[in-house]
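Asks: Below: one structure in structure tokens.
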Amino acid sequence: MDFDLTREQEMIRREVRAFAEKEIAPVAAELDDQERFSAELTRKMGDIGLFGMIVSEDFDGQGLDYLSYIIAVEEVARVDGSQAATIAAGNSLGIGPLYYFGTEAQKRKYLPPLCRGEALWGFGLTEPTAGSDAGGSKTTAVKDGNDWVINGSKIFITNSACDMTLGVTVQAVTGTRSSGKPEYTCFLVESGTPGFKAVAMKGKLMWRASNTGELYFDDVRVPEENMLGRPGDGFHQMLQTLDGGRLSIGAMGLGGAVGAYEMALKYARSREQFGQPISKFQAVAFKLADSAMEIECGRNLLYKACWLRDRHRPFAKEAAMAKLYCSELMGRVANHAVQIHGGYGLMKDYHVERFYRDQKLLDIGEGTSEVQRIVISRHIGC
């Protein structure tokens, strides 16, 4: 067993960390406070190759392995969850379905600007009454001549409602299977299509500098060539996309945990009480020791899942485990970090409070912690 990263993977970690500390860290708190998505910062992330990392160079991608991409997400999340969310959703949810299921023409049209970080693409699955139950979608698409007419709505869709949004992938009910269950098909809907409206959502607890949208489809007409794959492929496409996306959420949890841990360790070494650094007190030292141990466990679990994926081996169970563990790991570490900071941990001047808030979405997005436990239990034969 070889636990060493390749030289290229180590280089990616160094370069992304340096970029995050230089470009993201100085503005993260301000963007969070203003609840402002930064197109300028997003384009800078595109300039250093953080979009399209796993896409072939034929479509202006980087042609890298999945672990390299996960390391990049981890390093961005170590500094700021909002920008990591933009990267993770941009790659796994926006670019991913187009790359794996799109036609050659669809790839040629949409992937290059997305891979260069010039535009973003949304992943329209969640609905007001269909979150964890992806099979409960109510959005419909009806065939009309050579077009499909879409009606319905989506909610909590990352990268879907900003000036950079080129379009969204939308899952819709297109009929009924012989089993009586709905047939789901995915369609590509470009921004500006008549009847399609995207509204940015504000007032979020977390990821306040990422773009989140609510989508409305009122007799939105798209041509036949905008179908992703074949009729009825939608549900399978969405589930496969979520398997990969869970790894990026795991990376956000791992990176966020590292960021919170490092802040807590630095503070504990500098903060003195009773004549010595508080890191010397067992109650604090044990919190830091537990955090360091769990981060190591989370990294090994997540990287193994990526290793399986890169070798085209089954990884769905491990992806669910990594997403669940690393999401909850960040919660435990961020909680310890705030506790170690004491009253200062509750103030925005100390960025640990942002990590504490940003973690909560990880327990909910791309399959709640409860859903991950259902997925795992099914894989082990329960």
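The values are calculated or read from the model by the stated rules, or taken from the named source; none is laboratory data. Small disclaimer: the values here were computed from a predicted structure and weren't measured. So basically every Cβ, Gly included, is an ideal-geometry build from the backbone, and we count neighbours across all protein chains shown.
Asks: Anything in the stretch 278-303 that is surrounded by fewer than 16 Cβ atoms within 10 Å (Cβ to Cβ), in a helix (DSSP H, G or I) and either touching a Phe, Trp or Tyr at 6+ places or on another chain (Cβ under 9 Å) or hydroxyl-bearing (Ser, Thr, Tyr) (or both)? List them, or say none.
Replies: If the condition is that a residue be surrounded by fewer than 16 Cβ atoms within 10 Å (Cβ to Cβ), in a helix (DSSP H, G or I) and either touching a Phe, Trp or Tyr at 6+ places or on another chain (Cβ under 9 Å) or hydroxyl-bearing (Ser, Thr, Tyr) (or both), then Ala292, Cys297, Asn300 are the ones that fit.
Asks: I've got another one for you. Examine the stretch 332-346 for a residue that is outside any helix (DSSP H, G or I) and surrounded by fewer than 20 Cβ atoms within 10 Å (Cβ to Cβ), and state whether such a residue exists.
Replies: Taking every residue of the stretch 332-346 in turn, none turns out to be outside any helix (DSSP H, G or I) and surrounded by fewer than 20 Cβ atoms within 10 Å (Cβ to Cβ).
Asks: Now a separate question. Taking Arg78, is it of a type in the set (D, E, K, R), under 20 Å from Glu366 (Cβ atoms), in contact (Cβ under 8 Å) with a residue 24 or more places away in the chain and not assigned by TED's automatic domain parsing to the domain that holds Cys326?
Replies: yes
Asks: Also: Given the options Glu366, Glu318, name the one that is surrounded by 23 or more Cβ atoms within 10 Å (Cβ to Cβ), closer than 27 Å to Leu125 by Cα and either without any contact (Cβ under 8 Å) to a residue 60 or more places away in the chain or outside the structural domain of Gln240 (by TED's automatic domain parsing) (or both).
Replies: Just a single option satisfies the conditions, and that option is Glu318.
Asks: Please find, within the stretch 118-165, the residue that is nearest to Phe59 (Cα to Cα) out of those that are in contact with an Asp or Glu (Cβ under 7 Å, 6 or more places away or on another chain) and without any contact (Cβ under 8 Å) to a residue 60 or more places away in the chain.
Replies: It comes out as Ser137.
Asks: Also: Which residues, taken from the stretch 344-371, are of a type outside the set (A, V, I, L, M, F, W, C) and either touching a Lys or Arg at 6+ places or on another chain (Cβ under 6 Å) or farther than 22 Å from Leu93 by Cα (or both)?
Replies: In the first step, residues of the stretch 344-371 are kept if they are of a type outside the set (A, V, I, L, M, F, W, C); the result is 344-345, 348-351, 353-354, 356-360, 363, 365-370.
Scanning the stretch 344-371 gives Tyr344, Gly345, Lys348, Asp349, Tyr350, His351, Glu353, Arg354, Tyr356, Arg357, Glu366.
Asks: Ok, one more. How many of the residues making up the stretch 133-161 are more than 17 Å from the chain's Cα centre (by Cα) and part of a loop (DSSP other than H, G, I, E, B)?
Replies: 6
Asks: Please return the ranges of helices (runs of 4 or more DSSP H) entirely within the stretch 55-117 where 1 or more residues are among the polar types (S, T, N, Q), surrounded by fewer than 20 Cβ atoms within 10 Å (Cβ to Cβ) and in contact with a Leu (Cβ under 8 Å, 6 or more places away or on another chain).
Replies: 104-115
Asks: What's the number of the only condition in (1) closer than 17 Å to Ala85 by Cβ; (2) surrounded by 15 or more Cβ atoms within 10 Å (Cβ to Cβ) that Ala200 fails to meet?
Replies: If we test Ala200 against (1) closer than 17 Å to Ala85 by Cβ; (2) surrounded by 15 or more Cβ atoms within 10 Å (Cβ to Cβ), just (2) comes out false.
Asks: Just to verify a result, which residue in the stretch 208-235, among those that are within 14 Å of Thr169 (Cα to Cα) and in contact with a helix residue (DSSP H, G or I) (Cβ under 6 Å, 6 or more places away or on another chain), is surrounded by the fewest Cβ atoms within 10 Å (Cβ to Cβ)?
Replies: Looking at the filtered set, the residue picked out is Gly229.
Asks: Going by the structure shown, is Tyr325 in contact with a helix residue (DSSP H, G or I) (Cβ under 9 Å, 6 or more places away or on another chain), in a helix (DSSP H, G or I) and surrounded by 14 or more Cβ atoms within 10 Å (Cβ to Cβ)?
Replies: Taking the combined requirement at face value, the residue satisfies it.
Asks: Now for a separate question. Of these, Arg36, Arg13, which one is more than 18 Å from Leu166 (Cβ to Cβ), basic (Lys, Arg), at pLDDT 95 or above and assigned to a loop (DSSP other than H, G, I, E, B)?
Replies: Working: Arg13 fails: assigned to a loop (DSSP other than H, G, I, E, B).
None of the other options fit; the residue is Arg36.
Asks: Output the number of the condition that Met238 fails; it satisfies all remaining conditions of (1) surrounded by fewer than 21 Cβ atoms within 10 Å (Cβ to Cβ); (2) of a type outside the set (Lys, Arg); (3) modelled with pLDDT under 95.
Replies: Evaluating Met238 over (1) surrounded by fewer than 21 Cβ atoms within 10 Å (Cβ to Cβ); (2) of a type outside the set (Lys, Arg); (3) modelled with pLDDT under 95 leaves (1) as the failure.
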